[in-house]
2 protein chains.
Amino acid sequence: MDMHWSIQEIARLTGVTSRTLRHYDAVGLLPAVRVTASGPRRYDRAALVRLQRILLLRDLGLGLGDIAEALDSEQDEAKALRRHLDSLRAEQHRLARQIASVERTIAALEKDPEAKEDIMAKDMLDGFDHTQYEQEVTERWGRDAYAKSDAWWRGLGKDGQQQWKVGAEALGRAWIDAAEAGLDPASDEAQAVAARHAEWLSSIPGTPGHEQGRPDKGYLLGLGDMYVADDRFAANYGGTEGATFVRDALRVYAERAYPEGEA
Amino acid sequence: MDMHWSIQEIARLTGVTSRTLRHYDAVGLLPAVRVTASGPRRYDRAALVRLQRILLLRDLGLGLGDIAEALDSEQDEAKALRRHLDSLRAEQHRLARQIASVERTIAALEKDPEAKEDIMAKDMLDGFDHTQYEQEVTERWGRDAYAKSDAWWRGLGKDGQQQWKVGAEALGRAWIDAAEAGLDPASDEAQAVAARHAEWLSSIPGTPGHEQGRPDKGYLLGLGDMYVADDRFAANYGGTEGATFVRDALRVYAERAYPEGEA
DNA sequence: GCTTGAAGTTGACGCGACGTCAACCTCTAC
DNA sequence: GTAGAGGTTGACGTCGCGTCAACTTCAAGC
């Protein structure tokens, strides 16, 4: 009645490779008994039972670290499994959103094959009329602001205009990602995007606050409302709900970045 | 009108880190222009456009290698995206199955908390009555086969019996995984499990074919049918449909492993 | 001229769970 | 003696960068 098995016997028995067993030994997940320091590994019945539990949890998708925790801290496999389940569900939602995005992109490519350049990397130098926003900007920030802004725009030149638009695009993607991920507008991730947004705005000459190196608080809040209210702006942030997320995040950012008494 | 930007400008513009840009340069995905070999990297408008396409595809979940292929081989972004979509869907199904498994395991743990040992690592030395299969084995393979088998079983001893059961468990998991993955019973993966199954069977003294080092062809096929017909056996392979998968895979294996004329 | 700072450069390690050599030892069988 | 089976210990590769570390270069302020 043998009291132990060789590494190959365990491997054949359980269907894992001997390399895997050596790895589990190396990381301490399944220590093997050794006669001499550098002699063959031997496994006893207790090891075999432990390996079975390891494999069960591994099949359920847990990482080796989590498996070690669950097995060693005794009594909370269920807790570990529930936590794991949450992360699996989150991953599934992420996948679902990604699949939807890929489908939309494919559909757009198929609908208008010639639009590839537009979709894949809109040059945006054509088809974008900066002046279409004249009324909004003028009404909200005064004729002077628009005049400065338009002069700024024409003064940028081709490269500068593209630079501005690329920044807007990148921010749009970042906002959409954050909103679709279901983040809290007050979360660190969302606030980091808000900070990028503010920095980007203040880099534009002619915008209120440009001289101060950071956007005017009222301007920031007003922009947020405008994104939500106007579909043309909202489209840049994934529609009205995306724009709402942007507005909320900007509000939180404004409250934090401009303490009491500041304009 | 500047014709190029520094690495930091591109980073701020697009929201990626400079480390990422260096990486893309290093792997050739987005080569930068350099004045001297070890001087600063410079990016022009073409690079900026390429980077936008890279980021779009990256957001859709493609790997850098796939992105490089899609961008360089021109004209088949849609093809690359469709292939990617397939893998995303496969991953989603895998996740769904895994979630279901975790849920079942949690439910089992909650329903009977004391069954933890049974579920997590059934010792199986208790509660498993080898003799309950006497009738089936006897009827199908003759009283002599059962007598030899039973003598073998009792002769195994505690360790040997556990060894046998652990092998059966591991095979069960492998079969269930293969069946749930939607594999073809004739696929390489399924046939590899079938080969393990055959090897495991032939290792048992008293089974038809043990002396030949490989199971009797008829025995193998008969077992497959028995797994499907008898729920108690089928339970080891995830129910009737799992057992059906096992039977089909074993049939294919038998046809291939025992060419014409062989028994 | 000297210091400091900002921005750039090239390595190199780390992550996760092993697969996959490579080089070597040891025991048994012929 | 030699071949083969089965064991050992490294060490590299995977994927997409994050994160130091150590160094250079350039412009501004003292």
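How many of the residues in the stretch A:70-86 are under 28 Å from the mean Cα position of the chain (by Cα) and either outside any helix (DSSP H, G or I) or not aliphatic (A, V, I, L, M) (or both)?
The number of residues fulfilling the criteria is 5.
Among residues of the stretch A:28-69 being small (Gly, Ala, Ser) and within 14 Å of chain B (Cβ to nearest Cβ), the one that is farthest from DNA strand C (Cβ to nearest atom) is A:46. Determine whether residue A:102 is β-branched (Val, Ile, Thr) and surrounded by fewer than 13 Cβ atoms within 10 Å (Cβ to Cβ). Against the criterion (β-branched (Val, Ile, Thr) and surrounded by fewer than 13 Cβ atoms within 10 Å (Cβ to Cβ)), residue A:102 does not qualify. Residues in the stretch A:172-190 that are of a type in the set (Gly, Ala, Ser), under 9 Å from the mean Cα position of the chain (by Cα) and within 11 Å of chain B (Cβ to nearest Cβ): A:174 alone.
Going through (1) on the phi < 0 side of the Ramachandran plot; (2) modelled with pLDDT under 85 one by one, residue B:182 falls short only on (1). Output the qualifying pairs, or none if there are none: Cβ atoms under 6 angstrom, residues six or more apart or on different chains, first residue in the stretch B:174-201 and surrounded by 17 or more Cβ atoms within 10 Å (Cβ to Cβ), second residue among the β-branched types (Val, Ile, Thr) and at pLDDT below 85. Partner pairs satisfying both residue conditions: B:201/B:207. Regarding the stretch A:58-68, can at least one residue be identified that is closer than 17 Å to residue B:163 by Cα, out of contact with any Phe, Trp or Tyr (no Cβ under 9 Å at 6 or more places or on another chain), buried (at least 18 other Cβ atoms within 10 Å of the Cβ) and not hydrophobic (A, V, I, L, M, F, W, C)? There is no residue in the stretch A:58-68 that is closer than 17 Å to residue B:163 by Cα, out of contact with any Phe, Trp or Tyr (no Cβ under 9 Å at 6 or more places or on another chain), buried (at least 18 other Cβ atoms within 10 Å of the Cβ) and not hydrophobic (A, V, I, L, M, F, W, C).
Going by the conditions given, is residue B:247 surrounded by 14 or more Cβ atoms within 10 Å (Cβ to Cβ), in a helix (DSSP H, G or I), of a type in the set (Lys, Arg) and without any contact (Cβ under 8 Å) to a residue 24 or more places away in the chain? So residue B:247 fits the description; yes.
In the stretch B:70-95, of all residues being surrounded by fewer than 18 Cβ atoms within 10 Å (Cβ to Cβ) and of a type in the set (Asp, Glu), the one that is farthest from the other protein chains (Cβ to nearest Cβ) corresponds to B:72. Summed over the stretch B:146-200, residues that are assigned to a loop (DSSP other than H, G, I, E, B) and not acidic (Asp, Glu) total 6.
The values are calculated or read from the model by the stated rules, or taken from the named source; none is laboratory data. None of the values given here were measured: they were computed from a predicted structure. Positions of Cβ are generated from backbone atoms using ideal geometry, with glycine treated the same way; all protein chains shown enter the neighbour counts.
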